[in-house]
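The values are calculated or read from the model by the stated rules, or taken from the named source; none is laboratory data. Bear in mind the structure is a predicted one, so any value in this text is a computation, not a measurement. When we count neighbours, we look across all protein chains shown, and the Cβ atoms used for this are built from the backbone with ideal geometry, even at glycine.
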Amino acid sequence: MKIGLIGLPASGKTTIFSLLTNISADAAASGKTTANTGIAKIPDDRIDYLSSVYNPRKTTYATIEVTDIKGFASAGSSSASANPFLESVRQVDALVLVARLFRNDEVFHVEGSIDPIRDIETINTEILFSDLSIVENRISRIEKSNKITKDMQNEMDILKKCKGALEEGKHITSVGLTEEEMQYLKSFSFLTERPLVLLLNLDEQQFRSGEYPQKGEIQRYSKERGVPCLEICAGTELEISRLEEEDKKLFMEDLGITETGTGRLASVMYDFLGLISFLTDGADEVRAWPVRKGISAKEAGGKIHSDIERGFIRAEVVAFEDFRKTGSMQKAREKGLVRLEGKEYIIKDGDIVNFRFNI
Ligand SMILES: Nc1nc2c(ncn2[C@@H]2O[C@H](COP(=O)(O)OP(=O)(O)O)[C@@H](O)[C@H]2O)c(=O)[nH]1
Ligand SMILES: [Mg+2]
């Protein structure tokens, strides 16, 4: 699973990328390519807890891949197809649009002022135009062909629906296409078909007071378009991340947060992408395994090893909360909280699973 950070220059993308991936901002900023990619850990207090119980040799959190997408040398440079920025955007599963709210005279703003709605619209327009030009090209290509098959006609009907929406400034996600209709669009990898989250990069004063420019408008924008919106204070978080562990806690408490903004972002994106975690425990390793919602026990076993899926017998399952109530697998078993489930069992978020298999 990949998420991409987009936004105007100096909105804080590289800072946020660096916070998420622990790759230093200097290293990330000096990259010569259009995009930098790294791995972000999904914070999980269940893993923290299991790790404290087992004290295992290895603790593994779930992760997602993050790309810091450079681009937008100047705003409104809408030659869609030739834009390398848009090419990197096509390779991610979901987009995070970073909007600058923080004030800092030393950090240049390409548009000269703090106006998040304008900046969000600038990026949004770029994305809409890019999809629209693809749609228009394809429609005209179909129209020009000698013979229009039933299938091509279907495709064109769907593309026309998309065109209508895009021309009104709406994303393809808002068209309400069926699964079957979506199949026709797969090969185009449209940008406005991807889930989008707004990330507001506030300065510390804005973060503490909860007051910042255009707050009401942003909330309305977020609600009307079904785009979740999160607040973060990247500059301060970067400073906190450089502190010793104990100082970190104090500073976070002082800022009134228990989890960092980037941690929250990672969790929200994880959820947004339809992922849940099942957990495995033991003295060797405590681990969170990312899987799609709705996966069966047998398929989940296959995420660990194909042998487990092939030779699946049963899954021994205890919900994390039941484990925590008792404090150990043995006590959970004594209390009858450990269930034996078959291959069709649908895995739930936070299930601690032991697979029994035979090969
Ligand atoms: N004061 C303040 N400065 C920030 C914040 N986030 C980023 N910056 C600074 O703004 C500049 C541009 O940030 P960067 O992450 O490189 O932006 P990008 O161009 O979107 O990748 C850097 O000097 C950052 O240190 C913030 O939340 N507050
Ligand atoms: Mg950058």
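Some points to look at:
- Contact annotation: residue pairs with Cβ atoms under 8 Å, 6 or more positions apart or on different chains, pairing a residue in region 1-27 that is under 21 Å from P43 (Cα atoms) and in contact (Cβ under 8 Å) with a residue 12 or more places away in the chain with a partner that is of a type in the set (K, R) and near ligand 1 (Cβ under 7 Å from one of its atoms), are L5/K13.
- Lone unmet requirement of (1) crowded, with 17+ Cβ neighbours inside 10 Å; (2) away from ligand 1 (no atom under 15 Å from the Cβ); (3) at pLDDT 85 or above for F102: (2)
- Candidates I304, I352 - the one that is in contact (Cβ under 8 Å) with a residue 24 or more places away in the chain and farther than 20 Å from D48 by Cβ: I304
- Verdict on S78 being modelled with pLDDT of 95 or more and either part of a loop (DSSP other than H, G, I, E, B) or small (G, A, S) (or both): no
- The residue that is farthest from ligand 1 (Cβ to nearest atom), counting only those in region 225-251 that are modelled with pLDDT under 90 and closer than 22 Å to N124 by Cα, is G226.
- Checking E231, E224, E246 one by one, the residue that is touching a residue at least 12 places away in the same chain (Cβ under 8 Å) and acidic (D, E) is E231 and no other.
- Scanning region 201-211 for residues that are crowded, with 18+ Cβ neighbours inside 10 Å, over 30 Å from L177 (Cα atoms), without any contact (Cβ under 8 Å) to a residue 40 or more places away in the chain and in the same structural domain as K170 (by TED's automatic domain parsing) turns up nothing.
- Condition check for Q183: without any contact (Cβ under 8 Å) to a residue 60 or more places away in the chain, part of a helix (DSSP H, G or I) and within 21 Å of the chain's Cα centre (by Cα): no
- A35 vs. criteria at pLDDT below 90 and within 9 Å of ligand 2 (Cβ to nearest atom): no
- Contacts under 6 angstrom Cβ, first residue in region 90-115 being in a loop (DSSP other than H, G, I, E, B), partner of a type in the set (D, E, K, R) and at pLDDT 90 or above, 6 or more apart: V92/K2; D93/K2; F102/D203; R103/D203
- None of A10, A29, A40 is within 16 Å of ligand 1 (Cβ to nearest atom), within 25 Å of K293 (Cα to Cα) and either of a type in the set (A, V, I, L, M) or modelled with pLDDT under 95 (or both) except A40.
- Any hit, region 271-281, residues being more than 17 Å from L196 (Cα to Cα), touching a residue at least 40 places away in the same chain (Cβ under 8 Å) and within 17 Å of the chain's Cα centre (by Cα): yes
- Among the residues of this structure, D307 does not count as one that is surrounded by fewer than 16 Cβ atoms within 10 Å (Cβ to Cβ), within 19 Å of the chain's Cα centre (by Cα) and outside any loop (DSSP other than H, G, I, E, B).
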